[in-house]
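The values are calculated or read from the model by the stated rules, or taken from the named source; none is laboratory data. Remember, it's a predicted structure, so these values are computed and weren't measured experimentally. Note that each Cβ is placed from the backbone with ideal geometry, even for glycine, and that neighbours are counted across all protein chains shown.
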Amino acid sequence: MRLFLQLLFRNRLAGFGAVVLGVIVVLAVLTPILPLHPPNETNTANRFLRPLSEGHWLGTDHLGRDLMSRLMWGTRLSLAVGFAAALFAGLAGAAIGVLAGYFGGRIDNVTMRGIDMLMAFPYILLALAIVAVLGPGLMNALIAVAVVNIPFFARNIRGVTAGIVHREFVDAARLSGMGNARILWSEVLPNVVPVIVIAMSTTIGWMILETAGLSFLGLGSQPPQADLGSMLGEARSALITAPHTSIVPGAMILLIVMSVNLLGDGVRDALDPRLRSGAPSRPEATTRVERATAPEATESGLLRLDRLETQFRIGKRVYRAVNGVSLNLSPGECVGLIGESGSGKSVTALSVMGLVASPPGVITGGAVRLDGQDLIGAPYEMLRALRGRRVAYIFQDPLSTLHPLYRIGDQLAEAITAHQPVGRAAARARAVRLLEDVRIPNPAARARAFPHELSGGMRQRVGIAMALANDPDIIIADEPTTALDVTVQAQVLALLDELRRSRGLAILFITHDFGVVSQLCDRVAVMYGGRVVEEGPTTDLLAAPAHPYTRRLIACVPELGGGRRRLAAIPGLPPAVDDLPPGCAFAPRCERAQDACRAGEIALAGKVRKVRCLFPETTP
Amino acid sequence: MGGYILRRLISAIPVLLGITMIVFLIMAMIPGDPATAILGAYATPENVERLNRYLGLDQPLLQQYLIWLGNLLQGDFGRSFALNRPVLDEVLERFSATLILAGTAFVLCSLLGILAGVVSAARQYGLADKTITFAVIVGISVPSFFLGMMMILFFAVQLRWLPVSGMYSIWGGGDLPDLIRHLTMPALALSVVATGVIARLTRGAMLEVLRQDFIRTARAKGLHERRVIWGHALRAAMVSVIPVLGIQAGFVLSGAVYIEMVFQWPGIGRMLVDAILKRDILLVQGGVVFVAACYVGFNIVVDVAQHLLDPRIRA
Ligand code: SF4
């Protein structure tokens with residue numbers, strides 16, 4: 001409960017709503033003992049007095065009645081009726097929903113059919129029909145509004161109940177011989193109550209509005225008794241001559257409904273576990289950059305990552321996902337970047353073109369130079385023009401990385417027109433040729449398919465085709481074969497290798513699988529805890545791994561290209577990158593670790609073969 | 001596609017039957033002698049007698065329902081005794097006025113709501129987002145009838161830009177510009193709440209979609225951010241926005257009742273309220289059944305649109 005209140009008031013708007021509503025409710029409760037004129041005392045000599053008149057703060061209405069007093073009494077009535085309607089609808093709806101959800105089967109079927117029928121009406125028709133039968137009157141308006149809202153509650157709560165009924169604790173209760181009534185009371189109800197509260201708190205404002213509306217139409221409270229709605233309705237005929245008689249009750253309705261809505265939103269956010277961590281954040285168009293200075297440019301190359309640092313900032317915690325990674329990619333070269341999940345290899349790859357989701361990602365240091373030109377902090381338009389044009393990406397799971405609602409031919413054509421001034425038809429034709437290039441049979445027909453209509457292997461070929469669309473110099477492939485099964489994986493790798501040779505592509509290949517690396521890559525860099533721990537030509541490194549981590553990683557691969565064997569064989573867990581130990585990050589899992597390893601920073605030593613270890617397995 | 005539409009149309013039949021049943025049952029609950037209640041002040045013994053026979057009120061409930069349903073299917077909604085004309089004629093005439101009002105409001109709230117929602121999501125936590133979020137909070141809390149009255153005060157009385165009420169000018173009106181001038185305020189007032197709801201939902205859906213992998217792909221391709229947001233993201237978000245448009249259409253239609261009262265719009269909502277106050281039961285019954293049936297039809301259109309948009313449910 002305390003947590004609930006804390007969460008509620010963390011939301012400033014909800015707090016504001018609570019305070020305003022609190023004041024209004026207190027005043028409404030106190031109305032009978034406040035020093036007000038009697039609300040129905042008419043005085044035709046003082047008709048339509050303006051606000052701030054002597055003795056009448058808010059003025060008087062068309063019968064000379066004190067508006068202040070009528071406003072307070074009307075508020076009292078509107079609040080009472082609105083709450084009563086919400087309570088009635090909530091309880092009746094909950095009862096129906098719980099019973100239907102709990103018993104299921106026939107009962108459920110019949111009730112829900114009925115509910116669906118009721119929901120097929122625009123709500124007011126039903127309310128009007130009910131009032132037509134019962135006759136105008138405040139009580140009847142209340143009933144009408146409540147009845148109209150029952151289906152909403154019933155359906156919501158039926159869903160929740162049906163979800164609970166098949167959970168273990170309900171089964172356990174049933175096995176222990178509890179009766180239906182007991183189970184409903186002690187197992188089901190406690191789980192349903194929060195849902196009822198959420199549903200009620202988000203609909204009370206609505207109910208107040210609706211009952212006021214019916215009164216406004218003259219179908220609710222009848223004179224001389226007046227709620228806010230009928231006050232407004234009566235004032236309508238004098239709208240132009242005495243606008244204050246309309247504005248006073250109207251503004252009050254607005255104030256009440258708004259504060260109730262704010263509070264209701266707050267209650268929902270506080271009670272709904274999915275929303276507790278705050279609203280989802282949208283990633284910006286490029287990764288945020290907060291870099292003091294760029295490191296000095298060293299020799300130029302096609303793509304050079306220089307001491308790149310990328311962090312994730314979540315709340316107060318800082319995760320150093322990429323912690324000073326330097327890497328070099330020459331034309332036509334294939335470099336493997338390998339590591340466990342969480343090692344920072346994907347974040348490194350995404351940082352290149354500013355594709356790390358921000359928030360929470362921030363690039364905090366280093367440089368990424370394409371032909372000597374620094375991309376970190378480059379203007380959006382420049383980065384955009386390079387994305388897909390010179391540096392293209394292939395992502396892991398093409399089912400989630402291709403747009404589900406566009407035909408693949410259109411998605412390919414769009415990649416082309418984003419960078420080249422070709423017409424739609426020409427781009428389409430190019431798209432079909434691209435599909436042919438990646439060996440998709442019957443490409444013209446496949447171009448009209450949606451991603452979900454293709455097999456996993458075919459989808460990844462589309463992903464590759466998309467990367468090739470603008471003849472880029474560099475392809476960054478982020479675990480492109482991980483989601484595929486072994487034979488398809490081999491085919492896709494063969495295709496990539498062939499394309500690389502025929503087109504002179506440079507590839508940065510991210511993977512966790514040494515088997516894949518050995519098939520494709522000239523050089524390989526091993527990442528651990530956001531850093532490169534070993535680097536060298538693939539054959540050398542595979543033959544004689546120097547870093548204890550690399551050795552273990554290789555030992556995990558049963559046979560080359562053997563598929564999705566995870567690195568479970570290494571004891572211990574990869575380090576949490578918000579809490580890196582000083583010195584070697586691998587020390588807690590390393591058999592060769594000594595005190596010196598934990599003492600301080602260890603440099604990546606060596607020229608062609610580099611290793612970051614004090615006691616390497618072999619001296620390269 | 002054709003098959004789907006057909007199936008959807010067939011599935012609407014039980015819903016329509018259910019609607020007639022519910023309306024019939026509600027009306028059957030009128031206390032006392034229905035014929036007298038229906039005829040109200042116009043009741044003469046002969047009329048009561050005639051109506052009783054006509055409605056089959058001397059027969060069991062089921063038979064009464066079947067007779068009534070049979071009449072409906074032949075387009076015979078009965079006769080309004082207060083207006084002394086066939087219910088269907090009156091309903092059709094009034095409903096077309098409502099359709100103009102509610103239709104315009106619906107188009108407005110869909111466009112504005114989606115626009116505001118997308119902008120809000122694209123600039124999350126920025127000034128535009130905060131402004132829109134605040135406007136949405138006010139918008140979904142304001143009673144449309146009060147808003148309408150304030151608009152009259154401001155735009156019609158103060159600024160004299162627009163006519164106070166009605167659908168056409170009495171003198172020399174009747175053409176399209178005249179209609180538009182009369183339509184502007186009520187349509188705007190009617191659309192405000194739904195705009196807020198749609199904007200809020202669109203924002204949520206967009207934020208959800210913008211975190212998806214395919215958005216990263218679109219950016220990696222080098223697409224303009226404009227195209228990423230308004231093309232890729234919005235297209236995917238529409239899958240969850242469209243069903244809400246269907247629901248909001250019902251709310252717009254409902255809200256039209258208040259707006260018609262405020263602006264003296266000769267629509268079916270005002271007709272229903274008048275009919276209730278005059279206890280013109282057959283007119284209420286006919287109007288409710290007719291509008292509800294139209295709403296069912298509209299929802300079929302929404303479902304078909306959803307179907308066209310999302311190839312995954314087509315499969
Ligand atoms: S530095 Fe020490 S702890 Fe780290 S890998 Fe080498 S031997 Fe193991």
Of the numbered conditions (1) closer than 20 Å to residue A:482 by Cβ; (2) within 11 Å of chain B (Cβ to nearest Cβ); (3) assigned to a helix (DSSP H, G or I), residue A:416 fails exactly one; give the number of that condition. (1)
What residue, among those in the stretch A:533-553 that are within 13 Å of the ligand (Cβ to nearest atom) and β-branched (Val, Ile, Thr), is farthest from the other protein chains (Cβ to nearest Cβ)? A:550
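One line per residue, one yes/no per condition, for (1) crowded, with 18+ Cβ neighbours inside 10 Å; (2) more than 30 Å from residue A:65 (Cβ to Cβ):
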{"position": "A:183", "(1), (2)": "yes, yes"}
{"position": "A:188", "(1), (2)": "yes, yes"}
{"position": "A:194", "(1), (2)": "no, yes"}
{"position": "A:209", "(1), (2)": "yes, no"}
{"position": "A:214", "(1), (2)": "yes, no"}
{"position": "A:224", "(1), (2)": "no, no"}
So, restricting to strands (runs of 3 or more DSSP E) that lie completely within the stretch A:269-375, which ones have at least 3 residues that are under 24 Å from the mean Cα position of the chain (by Cα)? A:303-314, A:317-329, A:361-370
Which condition from (1) more than 26 Å from residue A:304 (Cβ to Cβ); (2) more than 9 Å from chain B (Cβ to nearest Cβ) is the one that residue A:406 breaks? (2)
Subset of the stretch A:562-588 that is buried (at least 18 other Cβ atoms within 10 Å of the Cβ) and at pLDDT 80 or above - its residue that is farthest from the ligand (Cβ to nearest atom): A:585
The correct count of residues that are more than 13 Å from chain A (Cβ to nearest Cβ) and among the aromatic types (Phe, Trp, Tyr) in the stretch B:126-182 is 3
Restricting the search to the stretch A:113-144, which residues are part of a helix (DSSP H, G or I), of a type in the set (Gly, Ala, Ser) and either at the interface with chain B (Cβ under 7 Å from one of its Cβ atoms) or free of Cβ contacts under 8 Å to residues at least 60 places away in the same chain (or both)? A:114, A:129, A:132
Selection over the stretch B:83-96 where residues are under 10 Å from residue B:275 (Cβ atoms) and surrounded by fewer than 17 Cβ atoms within 10 Å (Cβ to Cβ) yields a count of 1
Could you list, in sequence order, the residues of the stretch A:387-403 that are surrounded by fewer than 19 Cβ atoms within 10 Å (Cβ to Cβ) and either part of a loop (DSSP other than H, G, I, E, B) or within 8 Å of another protein chain (Cβ to nearest Cβ) (or both)? A:397, A:400
Output for the stretch A:606-620, where each listed residue is touching a helix residue (DSSP H, G or I) at 6+ places or on another chain (Cβ under 9 Å), at pLDDT 85 or above and more than 7 Å from the ligand (Cβ to nearest atom): A:609, A:611
Taking the stretch B:52-68 and the residues there that are under 33 Å from the mean Cα position of the chain (by Cα) and at pLDDT 75 or above, the one that is surrounded by the most Cβ atoms within 10 Å (Cβ to Cβ) would be B:68
Test residue A:376 against the stated conditions and say whether it is aliphatic (A, V, I, L, M) and either within 14 Å of another protein chain (Cβ to nearest Cβ) or touching a helix residue (DSSP H, G or I) at 6+ places or on another chain (Cβ under 6 Å) (or both). no
Answer from A:477, A:445, A:467 - the residue that is hydrophobic (A, V, I, L, M, F, W, C) and over 19 Å from residue B:215 (Cα atoms): A:445
Taking the stretch A:589-605 and keeping only residues that are over 22 Å from residue A:344 (Cα atoms) and either more than 7 Å from the ligand (Cβ to nearest atom) or within 14 Å of another protein chain (Cβ to nearest Cβ) (or both), one is left with A:591, A:595, A:596, A:599
Lone qualifier among B:247, B:215 - being within 13 Å of the chain's Cα centre (by Cα), free of Cβ contacts under 8 Å to residues at least 40 places away in the same chain and over 21 Å from residue A:217 (Cβ atoms): B:247
Would you please name the residue that is farthest from residue A:60 (Cα to Cα), looking only at residues in the stretch A:241-270 that are of a type in the set (Val, Ile, Thr) and more than 7 Å from chain B (Cβ to nearest Cβ)? A:267
Among the listed residues A:237, A:230, which satisfies the condition of being more than 40 Å from the chain's Cα centre (by Cα), surrounded by fewer than 22 Cβ atoms within 10 Å (Cβ to Cβ) and closer than 19 Å to residue B:147 by Cβ? A:237
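For (1) under 16 Å from residue A:83 (Cα atoms); (2) assigned by TED's automatic domain parsing to the domain that holds residue A:74; (3) assigned to a loop (DSSP other than H, G, I, E, B), each residue gets a yes or a no:
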| position | (1), (2), (3) |
| --- | --- |
| A:225 | no, yes, yes |
| A:230 | no, yes, no |
| A:234 | no, yes, no |
| A:237 | no, yes, no |
| A:245 | no, yes, no |
| A:256 | yes, yes, no |
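Please tell me if residue B:259 is part of a helix (DSSP H, G or I) and either assigned by the TED database to the domain that holds residue B:30 or without any contact (Cβ under 8 Å) to a residue 24 or more places away in the chain (or both).
Here the answer is no, as residue B:259 does not meet what is asked.
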Answer yes if at least one residue in the stretch B:233-256 is of a type in the set (Lys, Arg), assigned to a helix (DSSP H, G or I) and facing chain A (nearest Cβ under 8 Å), and no otherwise. yes
Conditions first: (1) within 7 Å of chain A (Cβ to nearest Cβ); (2) buried (at least 24 other Cβ atoms within 10 Å of the Cβ). Residue B:276 passes all but one, so which condition is the exception? (2)
Go through B:195, B:217 for me and flag whichever is more than 10 Å from chain A (Cβ to nearest Cβ), surrounded by 24 or more Cβ atoms within 10 Å (Cβ to Cβ) and of a type in the set (S, T, N, Q). B:195
Could you please let me know if residue A:440 is among the hydrophobic types (A, V, I, L, M, F, W, C), more than 13 Å from chain B (Cβ to nearest Cβ), at negative phi and in contact with a Leu (Cβ under 9 Å, 6 or more places away or on another chain)? yes
